[in-house]
1. Any residue in region 172-191 that's within 28 Å of ALA30 (Cβ to Cβ) and at pLDDT 75 or above: show its pairings with residues that are open to solvent by 50 Å² or more (accessible area, probe 1.4 Å) and aromatic (Phe, Trp, Tyr) at Cβ separation under 7 Å, as long as the two are six or more apart or on different chains.
2. Among the numbered criteria (1) modelled with pLDDT of 90 or more; (2) of a type outside the set (Gly, Ala, Ser); (3) surrounded by 17 or more Cβ atoms within 10 Å (Cβ to Cβ), which one does LEU54 miss?
3. For region 19-34, give me each residue that is within 30 Å of ALA79 (Cα to Cα) and either without any contact (Cβ under 8 Å) to a residue 12 or more places away in the chain or touching a Lys or Arg at 6+ places or on another chain (Cβ under 8 Å) (or both).
4. I'm trying to understand the selection: among the residues of region 70-97, which are under 18 Å from the mean Cα position of the chain (by Cα) and without any contact (Cβ under 8 Å) to a residue 24 or more places away in the chain?
5. Check region 58-80 and report whether any residue there is within 29 Å of ALA30 (Cα to Cα) and at pLDDT 70 or above.
6. For residues that are assigned to a helix (DSSP H, G or I) and open to solvent by less than 50 Å² (accessible area, probe 1.4 Å), scanning just region 82-94, find the one that is modelled with the highest pLDDT.
7. Quick check on region 15-42: of everything there that is of a type in the set (D, E, K, R) and open to solvent by 60 Å² or more (accessible area, probe 1.4 Å), which residue is farthest from the chain's Cα centre (by Cα)?
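The values are calculated or read from the model by the stated rules, or taken from the named source; none is laboratory data. Everything numeric here is computed off the predicted structure, so don't read it as measured data. Ideal geometry is used to build each Cβ from the backbone, glycine not excepted, and the neighbour counts take in all protein chains shown. Surface accessibility is based on the protein's heavy atoms, side chains included, excluding ligands, DNA and RNA. Shrake-Rupley method; radii C 1.70, N 1.55, O 1.52, S 1.80 Å.
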Amino acid sequence: MAEKSRKKLKFNWRKWCDEFVLADNGIVLATKEKRFWAGFIPAFLLFGMLINLLSGGLSKFELMGAVGFSGSMKIILDAFLGIFGINMIFLEWVPVFFLALLQGILIGLIVLLWHKKRINNSNETSNSANVEKAGIITGLIALGAGCPTCGTTLLTPLLGAIFSTGGLALVGIVSNIVTSLAILIAILSLKRIGEETYVIIINEKYLKKKEECEKRA
C-alpha cells in the first residue's frame, strides 16, 4: 500500500515538473509576440516604480505633496531608476526587480491571451479570472512592499495601532509572509497561464501550417 502511494506521489511530481516545462515553453513563445511586450513593458515599469515608491510606506507620497511638481518628478525619476538598481542597495533591489518581473510577465501573458482568444471568439470567463488573479497579486505585493532591511511597509501604521509596543517587530514578519504569498500565487498563475499560452500558440501554428498545406494541395 505504501509502495503504491510512493509511486503515485512520484508520478504526480513528474507531471508537475512537466507542466512547469510547458509553462516555461509557453512564456518563451510569448516573448516572440508583440502583444506580450505591449503588456509586459508598461506593467514591469509601473509596478517596479510602485514598489519603490512604497518602500517607505506612504512617506514618499506625502513628500511629493509637499515638494511640488519638480520635486515630485525627481522622486518618480528615482523610483524609475531604482527598477534597474541605480542608487539602490543590491539586497533591496533584487526583490523589487524580481517582483516587478513576475508581475510584468503575468500581465504580458494575460494581454496576449486576451487578444488571441478575442480573435478566436473564445469564452472570456478565463480571461476575467486571469485579470482578477493579477489584481490579487498586485494588492498582496503592494501591501507587503517595503525595505527588506528596515522593515518599513504599508502595514506599519496598522500594526502600530493594534500593537503599541510590538507593531514594528511584527511588521517585518507579516510583510515577508504577504510578499511570499504573492510570489507563490504569481508562480502558480504563471504556470497555468503559461501552459494555456503554449497550447494556444502551438495550436495556432498547427492550424496555420495546415491551411498553407491545403492551399498548396
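1. LYS191/PHE20
2. That leaves (1) as the condition not met.
3. Scanning region 19-34 gives VAL28, THR31, LYS32, LYS34.
4. Of everything in region 70-97, those that are under 18 Å from the mean Cα position of the chain (by Cα) and without any contact (Cβ under 8 Å) to a residue 24 or more places away in the chain turn out to be PHE84, TRP93, VAL94.
5. Yes, that holds for at least one residue.
6. Once the filter is applied, the top-ranked residue is GLY82.
7. Step one: list which residues in region 15-42 are of a type in the set (D, E, K, R), which gives 15, 18-19, 24, 32-35.
Pick out the ones that are also open to solvent by 60 Å² or more (accessible area, probe 1.4 Å) and you get 15, 18, 24, 32, 34-35.
Numbers: LYS15: 24, ASP18: 22, ASP24: 15, LYS32: 19, LYS34: 19, ARG35: 17 Å.
That would be LYS15.
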